[in-house]
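The values are calculated or read from the model by the stated rules, or taken from the named source; none is laboratory data. Just so you know, these numbers come straight off a predicted model, no measurement behind them. Cβ coordinates were reconstructed from backbone atoms using ideal geometry, including for glycine residues, and neighbour counts include every protein chain displayed.
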Amino acid sequence: MNLEMLPVHTQEIVNKANSVFLKHIGEDVLCLILHGSAVKGGVINGSSDLDLKLYVKDQLLKNGNLPAKLIFDIQRDLQSINYEPFNYIQCDVHNDHLPDGFIGPVPGSYVTVSGHLPVPEATHEQLKESAVVSLKELKTAPPFLMNLLDLGHERIDRTVRLMSTQLFPLLYQVVTLTEQDSIRVWNLPKTELVPLLPTTELQEIAADFFDQLTAYYVQKSDAKALILIETGVDFFIESKSWFERGYLLNKER
């Protein structure tokens, strides 16, 4: 897929962001890619971000971060961009090599905006291995639940966002372990993964989560947020149970 195949407004947002990065970073930019629901589909109004990965020369980074003044200058120019209907633009910065335990972008699931990808793409085997590791390490009561001891609309809204950012990759990881072609799985919109989940319980919980998430962003309330977060935890618990009692036991036979 190339950028021209995406909606015109998405192209405009991405091209403007790219211009800002090139203006301030110049030749130290190695590559900018767009990934996530903006490419694969399944955008949820009010929830979905526009996800960018910016690869830069290692010499520009200090302890993994860009210089503070450069960050301020970039942010000033980014503020002129109208990024609706996305919730916000999210940009992760990387150098030209992958840290231990990380894998590259999945073929077909991203669009190169500028430059050339400096790291290897993910392979089928890496996606399978990464899914196993993630499910082994999955905490069914994620640490961000402690935010619920705070009180305030912004705090619980933030917890909803944290739940989404952990549940969506988990959804892909579970389906990755049940399907033969993991590359194809990671190219699907997240909503299309629900019927591919390995148990009826997981399918029902995931469907409820998507319904509740959509309703929450139509009209937010703390009560809706709490129900949504509880449903997310149910998905974590059921995924862990399936992995330990279903997937691993079947692999050992």
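For the reader, a short list of remarks on this structure follows.
- Check on V194, within 23 Å of E244 (Cα to Cα) and either not basic (K, R) or not assigned by TED's automatic domain parsing to the domain that holds K224 (or both): yes
- Among the candidates L228, L213, the residue that is closer than 22 Å to S109 by Cβ, modelled with pLDDT of 95 or more and not hydroxyl-bearing (S, T, Y) is uniquely L213.
- Residue in the range 117-132 that is part of a strand (DSSP E or B) and either within 17 Å of the chain's Cα centre (by Cα) or over 25 Å from E4 (Cβ atoms) (or both) present: no
- Of everything in the range 14-47 that is of a type in the set (A, V, I, L, M), in contact with a strand residue (DSSP E or B) (Cβ under 7 Å, 6 or more places away or on another chain) and part of a helix (DSSP H, G or I), the residue that is surrounded by the fewest Cβ atoms within 10 Å (Cβ to Cβ) is L22.
- Some residue of the range 98-114 being crowded, with 19+ Cβ neighbours inside 10 Å, in contact with a Leu (Cβ under 8 Å, 6 or more places away or on another chain) and assigned to a helix (DSSP H, G or I): no
- Filter result (under 18 Å from L162 (Cα atoms) and surrounded by 15 or more Cβ atoms within 10 Å (Cβ to Cβ)) within the range 193-213: I205, A206, D208, F209, F210, Q212, L213
- Test: residue in the range 133-143 that is polar (S, T, N, Q) and outside the structural domain of I227 (by TED's automatic domain parsing): no
- Filter result (assigned to a loop (DSSP other than H, G, I, E, B), touching a residue at least 60 places away in the same chain (Cβ under 8 Å) and either under 15 Å from K53 (Cα atoms) or not polar (S, T, N, Q) (or both)) within the range 73-84: I81, Y83
- The range 81-97, subset in contact with a Pro (Cβ under 9 Å, 6 or more places away or on another chain) and loosely packed, with under 14 Cβ neighbours inside 10 Å, residue nearest to L70 (Cα to Cα): D96
- Residues considered: Q59, Q90. Of these, the only one that is in the same structural domain as D28 (by TED's automatic domain parsing) and part of a helix (DSSP H, G or I) is Q59.
- When the range 203-233 is filtered for residues that are farther than 19 Å from D49 by Cβ, more than 20 Å from the chain's Cα centre (by Cα) and touching a residue at least 12 places away in the same chain (Cβ under 8 Å), the ones remaining, listed by number, are D222, K224, L226, I227.
- Extreme residue, farthest from H94 (Cα to Cα), among residues of the range 62-72 that are in a loop (DSSP other than H, G, I, E, B) and touching a helix residue (DSSP H, G or I) at 6+ places or on another chain (Cβ under 9 Å): P67
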